[in-house]
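Encoded as structure tokens, the structure appears first; notes follow it.
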Amino acid sequence: QVQLVESGGGLVQAGGSLRLSCAASGRAFDRNAMGWFRQAPGQLREFVATVNYNGRNTYYADSVKGRFTISRDNAKNTIYLEMNSLNHQDTGVYYCAAAFVSHTSDYDREYDTWGQGTQVTVSS
């Protein structure tokens, strides 16, 4: 069974940091781009960050650029999202996803495997 399992979410004060992890199982994803998306209460899911298959290329939403860093360790079949300088607008459920393309992508329809999400709450 192919699975993506996120961890590392929680409650943090504004200005703080969190590191999310996404462990993949069931098959290797070293030929797939990976991404993070988030959904705030009452809002649509939005793109956050993406990394290409080998980790050399990344792309970020403007709202997180300079504060978040996406990375991957293909040997561990795991991706990460380092989040710094968090603010209240970063609150939401964060989803890890695997794309069926190898290049970076901010288009959710290019992702065909999704995790169940991890809650991030930033208190102001």
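The values are calculated or read from the model by the stated rules, or taken from the named source; none is laboratory data. Keep in mind it's a predicted model, so treat the numbers as computed, not measured. Here the Cβ is made from the backbone with ideal geometry for all residues, glycine too, and neighbour counts use every protein chain on show. Only protein heavy atoms, including side chains, enter the accessible area calculation; ligands, DNA and RNA are left aside. Shrake-Rupley method; radii C 1.70, N 1.55, O 1.52, S 1.80 Å.
Side notes on the structure shown:
- When peptides 102-111, 74-83, 10-19 are sorted by average Cβ neighbour count within 10 Å, with the highest value leading, the order is 74-83, 102-111, 10-19.
- Accessible area per residue was computed with a 1.4 Å probe on protein heavy atoms; Tyr95 scores about 50 Å².
- Based on Cα contacts under 8 Å between residues 6+ apart, the chain shows a relative contact order of 36 percent.
- Here the stretch 17-99 is assigned +1 on the Cβ of each Lys and Arg and -1 on the Cβ of each Asp and Glu. Its dipole about the Cα centre then comes out at about 180 debye.
- Rounded percent of accessible protein surface that carbon and sulfur make up, the chain, 1.4 Å probe: 44
- Normalised convex hull volume, the chain, alpha-carbon set, Å³ per residue: 90
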